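Student: Got a structure for you, written out below as structure tokens; questions coming shortly.
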Amino acid sequence: MASIEPFNRLVKLAARAFYDDMTTKGENQTKVGRSDNRGTAVVILDALTRRQWVREEDLAKDLKIHTKQLRRTLRFFEEEKLITRDHRKENSKGAKIYNSAVAAAVDGQRNGREGDDKLKMHTQSYCCLDYSQIYDVVRYRLHRMKKKLKDEMDSKNTVQEYICPSCNKRYTALDALRLISPYDEDFHCESCNGVLVAESDKLAAQEMGDGDDNASRRRHDKLKDMLSKMEEQLKPLTDQLGRVKDLPIPEFGNLQAWEVRANAANRAANGDPNGDSKSLHGFNGTPMPYLGETKVEVAFSGADDKGDVKSVNTSTPMKVLPPWMIREGMNLTKEQRGEAGADPKIDGAAPSASDLLDDKKSAIVNDEEKIFQDEYVKAYYAALLNRQHEQVETVKKEEDFLNTAITNEAYDTSTQRQVGMKFKREDYGSGEDEWEEAPPAGGGSTSEQFKVDLNVEAAASEEEDDEDENDWEDG
Amino acid sequence: MFFHIVLERNMQLHPRHFGRDMKDKLVSKLMKDVEGTCSGRHGFIVAITGVESIGKGLIRDGTGFVTFPVKYQCVVFRPFKGEILEAVVTMVNKMGFFAEAGPVQIFVSNHLIPDDMEFQTGDMPNYTTSDGSVRIQKESEVRLKIIGTRVDATEIFCIGTIKDDFLGVISDPGSTS
């Protein structure tokens, strides 16, 4: 995507230039004092520059302002053509799709997914900055401002208007012929015969008497002053406009397109380079709704990676894999059940895993999150060691199992555990990416261990995968 | 702006004109009827320069009048926005001044008069610069630019400005300029 920074700067400048003192007054908010919300508009626009499509509820939560207030401001911005909004009815699944998209696309954004579970076909509103339109709108606004001032300054192309003070009827200079009276030199109203007065320019100088030449000269000066001030104060904005002129404008598309793209991109980024893709496609045939749940299954993908004997770093697969996870998980358990060391955590781990993923997504690692992750890391390390020992044995067992086509049911319990094991690894792996940035030393060592582990298991897991696929297709 | 165009008109001729010089009568009636009129579409018809064709006459039942479709060439004058015209001032008051360019009436309001010209009341109301070198009064000739036109079916009215380069008085009876 095109570099978004210059555009964000443009938005910020425009926000400060034009919307700084904007207030949103509710119809019923007549009491003054309390409702001084100037500046909120700027804050909201700034927040939007750090996001792409965002659910308005989440935005409100992040900004800690009331949804109503946010909506009012957003509606205003929509009218100003700065943002695009989208409303749709959705249940928690839709929300999940969105959340995963957010996780994929926006680093550093904490998506409030707490609300997910309670959603029941609510109408959700999303909003997003529309950069191309913003660029045009800002330019047009500047153009209009300048034109208005200049026109008034040289009184060019302006048709003088006259107004009847008594009946408020308005005339233009084009009516002049009908307005002159034979008795004096004033214009007279056609209906009430009152003396018309020229309407003074709205912009400049209500305090100056009209028709006074001196006044018009002063007005001219004032306008000139205003124009130069405007040019000077909006210099940064115009500069930024010029800078942005030749850059490709970032486009997010509409909400659906963006979600699909973000998810796809995420899959591509996280997915295994080669081996996984095949299996991915196979499973992608499954209806999209599973996408949302993919996170949970990330662990599975991790398992796949091992099978592929790809580099340890495959931690990425989390998102990509999910679709398979669900289905494969079943198969795997059947086949693998024997190998799983009893990991009580597994089941519990799955939900937490998804959370973890989200955390990863947010590029900005909060301290809290770090601690959280560190704890996970430790746990994983411990589990990993155990696993390594077990795995060597289990692999052999697995092969045996596969060959002997043992009935699945007997193994169900154990298989789940097995999955859990993999889960852990997955999380661990995925966590690694982030950790590499934050605490490098830990990340490096872990990855190596991981590698060893993977290699050991590799042969076995590959076979497993193949078998799994076959089973599913048959089913 | 002037145009030389061909227009068509149905002329009704009284039976008493039928005779040797019927054609002359027809043309002179056409001139009398048409010259000086104004149509919103074509502007003022200034002069008829020639008759292209006169169609077959049709005798009206009951009256004996004969209707001839006549095609004629004529010069029309149609003011446009942005056009520069020379005009004669006809009236000056504190709201501005009126001028005529041929058949067209033009009003220049006081805020479209250069800021350095001030209105002077008196026997001969006028706009004068502070040093008195330029004066706009009745009968002055000014060059102005049309900034707006109002075109009715039978009338065209313009507003103009002299607040631009090379606009203003071109010959002032009171002073040499």
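The values are calculated or read from the model by the stated rules, or taken from the named source; none is laboratory data. In this text the structure is predicted, and so the values were computed from the model without any measurement. Ideal geometry is used to build each Cβ from the backbone, glycine not excepted, and the neighbour counts take in all protein chains shown. In case anyone asks, the SASA skips ligands and DNA or RNA and just uses the protein heavy atoms, side chains included. Shrake-Rupley method; radii C 1.70, N 1.55, O 1.52, S 1.80 Å.
Student: Kindly list the number of the only condition in (1) within 13 Å of chain A (Cβ to nearest Cβ); (2) part of a strand (DSSP E or B); (3) open to solvent by 50 Å² or more (accessible area, probe 1.4 Å) that fails for B:THR49.
Tutor: The failed condition is (1).
Student: Which pairs have Cβ atoms under 6 Å, sit 6 or more apart or on different chains, and link a residue in segment A:172-201 that is facing chain B (nearest Cβ under 7 Å) to one that is part of a helix (DSSP H, G or I) and surrounded by 16 or more Cβ atoms within 10 Å (Cβ to Cβ)?
Tutor: Filtered contacts from segment A:172-201: A:PHE187/A:LEU179.
Student: Quick check: anything in segment B:138-152 over 30 Å from B:HIS42 (Cα atoms), at the interface with chain A (Cβ under 10 Å from one of its Cβ atoms) and without any contact (Cβ under 8 Å) to a residue 24 or more places away in the chain? Before you say what the answer is, go through the steps one by one.
Tutor: Here is the first cut: in segment B:138-152, the residues over 30 Å from B:HIS42 (Cα atoms) are none.
No: segment B:138-152 contains no residue that is over 30 Å from B:HIS42 (Cα atoms), at the interface with chain A (Cβ under 10 Å from one of its Cβ atoms) and without any contact (Cβ under 8 Å) to a residue 24 or more places away in the chain.
Student: Just give me the residues in segment A:41-80 being within 11 Å of the chain's Cα centre (by Cα) and of a type outside the set (A, V, I, L, M), in sequence order.
Tutor: Of everything in segment A:41-80, those that are within 11 Å of the chain's Cα centre (by Cα) and of a type outside the set (A, V, I, L, M) turn out to be A:THR49, A:ARG50, A:ARG51, A:GLN52, A:TRP53, A:ARG55, A:GLU56, A:ASP58.
Here's the yes/no breakdown for (1) within 30 Å of B:GLU118 (Cβ to Cβ); (2) assigned to a loop (DSSP other than H, G, I, E, B); (3) modelled with pLDDT of 65 or more:
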| position | (1), (2), (3) |
| --- | --- |
| A:MET208 | yes, yes, no |
| A:GLY211 | yes, yes, no |
| A:LYS229 | yes, no, yes |
| A:GLN240 | no, no, yes |
| A:PRO248 | no, yes, yes |
| A:ASP276 | no, no, no |
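Student: When the residues of segment B:1-41 are filtered to those that are touching a residue at least 60 places away in the same chain (Cβ under 8 Å) and open to solvent by 70 Å² or more (accessible area, probe 1.4 Å), which remaining residue is farthest from B:GLY62 (Cα to Cα)?
Tutor: The initial filter retains those residues of segment B:1-41 that are touching a residue at least 60 places away in the same chain (Cβ under 8 Å), namely B:1-10, B:36-40.
Of the ones still in play, those that are also open to solvent by 70 Å² or more (accessible area, probe 1.4 Å) are B:1-4, B:6, B:8-10.
On the way: B:MET1: 44, B:PHE2: 41, B:PHE3: 39, B:HIS4: 38, B:VAL6: 32, B:GLU8: 25, B:ARG9: 22, B:ASN10: 18 Å.
Residue satisfying both the conditions and the ranking: B:MET1.
Student: Which numbered condition trips up A:LEU234, out of (1) modelled with pLDDT of 85 or more; (2) exposed (fewer than 15 other Cβ atoms within 10 Å of the Cβ)?
Tutor: The single condition A:LEU234 does not satisfy is (2).
Student: Does segment B:48-67 contain at least one residue that is in contact with an Asp or Glu (Cβ under 8 Å, 6 or more places away or on another chain) and not charged (D, E, K, R)?
Tutor: yes
Student: While we're here: Being β-branched (Val, Ile, Thr) and closer than 29 Å to A:PRO182 by Cβ is the filter here, so list the residues in segment B:68-94 that pass it.
Tutor: The initial filter retains those residues of segment B:68-94 that are β-branched (Val, Ile, Thr), namely B:70, B:75-76, B:84, B:88-90, B:92.
Across segment B:68-94, the qualifying residues are B:VAL88, B:VAL89, B:THR90, B:VAL92.
Student: Next up: If I filter segment A:76-131 down to residues being open to solvent by 20 Å² or more (accessible area, probe 1.4 Å), of a type in the set (Ser, Thr, Tyr) and within 30 Å of A:TYR19 (Cβ to Cβ), which single residue comes out as modelled with the lowest pLDDT?
Tutor: Out of the qualifying residues, it is A:THR123.
Student: Suppose we filter segment A:1-36 for residues that are at pLDDT below 75 and open to solvent by less than 20 Å² (accessible area, probe 1.4 Å); how many remain?
Tutor: Final tally of qualifying residues: 3.
Student: Follow-up question, since we're still on this one. For segment B:79-102, how many residues are more than 10 Å from chain A (Cβ to nearest Cβ) and surrounded by fewer than 16 Cβ atoms within 10 Å (Cβ to Cβ)?
Tutor: 7
Student: For B:SER130, indicate whether it is surrounded by fewer than 17 Cβ atoms within 10 Å (Cβ to Cβ) and either modelled with pLDDT of 90 or more or small (Gly, Ala, Ser) (or both).
Tutor: yes
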